[in-house]
Structures are given as C-alpha cells and as structure tokens.
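Enquirer: Okay, handing you the structure first.
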Amino acid sequence: MKRQLLILALAAGLVGCSRPQKLSGTVTLDGKPLSGAAVILFPQEHGAETVVGMTDQNGRFIITPAAGRSIAYGTYKVVVSKREQLTPAQLNAFITPKELLPAKYSDLSQTVLSVNVTSAADIDLHLTR
C-alpha cells in the first residue's frame, strides 16, 4: 500500500512539472507581420536543446521539438533570421543569401532578444529597423 501511494505521489509530481511540447508566438517588424523568418532559441542553461520554428504569412510560428521531446524551461537567446530569396542561377552558383534583418536580431553574438520559458505561453517578438 505504501509503495502504491509513493508511485501515485511521484506520478502526480511529474505531471505538474511537465515541460511544454511546443511554443508559439508572432514576429512583427515595424508593426507588420514578418513572414518567412526563422526563429531560433539557443538555451543558456546546460541540458536544454536549441529549437527552431518558421513564421507564416501572418508572422505566426510554432516551435515543436523532435518527436517525444519537450522544450526545457529556462532562458534562451533568440535569433530571428530572414534571408533574401535566390534565383535558380544564384543557387547553382552557391551564392549565400543576404540577411535582411539587422544583426541585433539575426546574429547570435549580437542579438538583443531573449526569452524565459516558464510555460507554453505565446512569445511575441516586436522588431524594429
């Protein structure tokens, strides 16, 4: 009987500590939805994984980690990157697409963006030029 109670208590504790299975939010640039941008969260604590999402035409993104995984709680540096679209000829020439956003958002060493993941709440990023 005591063992069953211990197992139930542990299971209840684990349910209360479950980490988000996904994160979502929006990205705007100068007040307008930013479509086609990568949103990358780089963990600042040990044991967490980098997670990535892409914005849709409304600037919305959903970040879903690999199957069977969840997103760790903690602080993340955020990089938002949008690159120019290349022509087929440029792709064949292995040209690197130009970054369209300022380095203060698109470069990991310079980003001013960070989030603290404490729940599955929406993350809204309001960028300006």
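Enquirer: Please specify each residue of the stretch 58-76 satisfying the condition of being open to solvent by 30 Å² or more (accessible area, probe 1.4 Å) and at positive phi. If you could, list the steps in order and put the result at the bottom.
Expert: Kept after step one, since they are open to solvent by 30 Å² or more (accessible area, probe 1.4 Å), are these residues of the stretch 58-76: 58, 60, 62, 64, 66-70, 73, 75.
If the condition is that a residue be open to solvent by 30 Å² or more (accessible area, probe 1.4 Å) and at positive phi, then Gly68 is the only one that fits.
Enquirer: For the stretch 77-94, indicate whether the set of residues that are in contact with a Phe, Trp or Tyr (Cβ under 6 Å, 6 or more places away or on another chain), open to solvent by less than 50 Å² (accessible area, probe 1.4 Å) and on the phi < 0 side of the Ramachandran plot is non-empty. Before you say what the answer is, go through the steps one by one.
Expert: Of all residues in the stretch 77-94, those in contact with a Phe, Trp or Tyr (Cβ under 6 Å, 6 or more places away or on another chain) come to 77, 80.
Checking the rest, the ones that are also open to solvent by less than 50 Å² (accessible area, probe 1.4 Å) come to 80.
Going one step further and asking which of them are on the phi < 0 side of the Ramachandran plot, we end up with 80.
Yes: the stretch 77-94 contains one or more residues that are in contact with a Phe, Trp or Tyr (Cβ under 6 Å, 6 or more places away or on another chain), open to solvent by less than 50 Å² (accessible area, probe 1.4 Å) and on the phi < 0 side of the Ramachandran plot.
Enquirer: Restricting to the stretch 16-46, count the residues that are hydrophobic (A, V, I, L, M, F, W, C) and either open to solvent by 30 Å² or more (accessible area, probe 1.4 Å) or without any contact (Cβ under 8 Å) to a residue 60 or more places away in the chain (or both). Steps first, answer last, please.
Expert: If we filter the stretch 16-46 for residues that are hydrophobic (A, V, I, L, M, F, W, C), which is where we start, we get 17, 23, 27, 29, 34, 37-42.
Still in the running and either open to solvent by 30 Å² or more (accessible area, probe 1.4 Å) or without any contact (Cβ under 8 Å) to a residue 60 or more places away in the chain (or both): 17, 38, 40, 42.
Of the residues in that region, 4 qualify.
Enquirer: If the requirement is being in contact with a Ser or Thr (Cβ under 8 Å, 6 or more places away or on another chain) and modelled with pLDDT under 95, which of these qualifies: Tyr73, Tyr105?
Expert: Tyr73
Enquirer: Starting from the stretch 63-90, keep only residues that are of a type in the set (Asp, Glu), then list their pairs with residues that are open to solvent by less than 50 Å² (accessible area, probe 1.4 Å) whose Cβ atoms are within a distance under 6 Å, requiring at least 6 positions of separation or different chains.
Expert: What qualifies is Glu84/Pro97.
Enquirer: So which pairs qualify, if the first residue must be in the stretch 103-122 and open to solvent by 60 Å² or more (accessible area, probe 1.4 Å), the second must be at pLDDT 95 or above and of a type in the set (D, E, K, R), the Cβ gap must be under 9 Å, and the two must be at least 6 apart or on different chains?
Expert: The qualifying pairs are Leu108/Lys77; Gln110/Lys104; Val112/Lys104; Ser114/Lys77.
Enquirer: Still on this structure: Please work out which one of (1) modelled with pLDDT under 95; (2) open to solvent by less than 90 Å² (accessible area, probe 1.4 Å); (3) farther than 16 Å from Thr111 by Cα is the condition Thr50 fails and give its number.
Expert: (3)
The values are calculated or read from the model by the stated rules, or taken from the named source; none is laboratory data. Just so you know, these numbers come straight off a predicted model, no measurement behind them. Here the Cβ is made from the backbone with ideal geometry for all residues, glycine too, and neighbour counts use every protein chain on show. Surface areas here come from the heavy atoms of the whole protein model, side chains and all, with no ligands, DNA or RNA. Shrake-Rupley method; radii C 1.70, N 1.55, O 1.52, S 1.80 Å.
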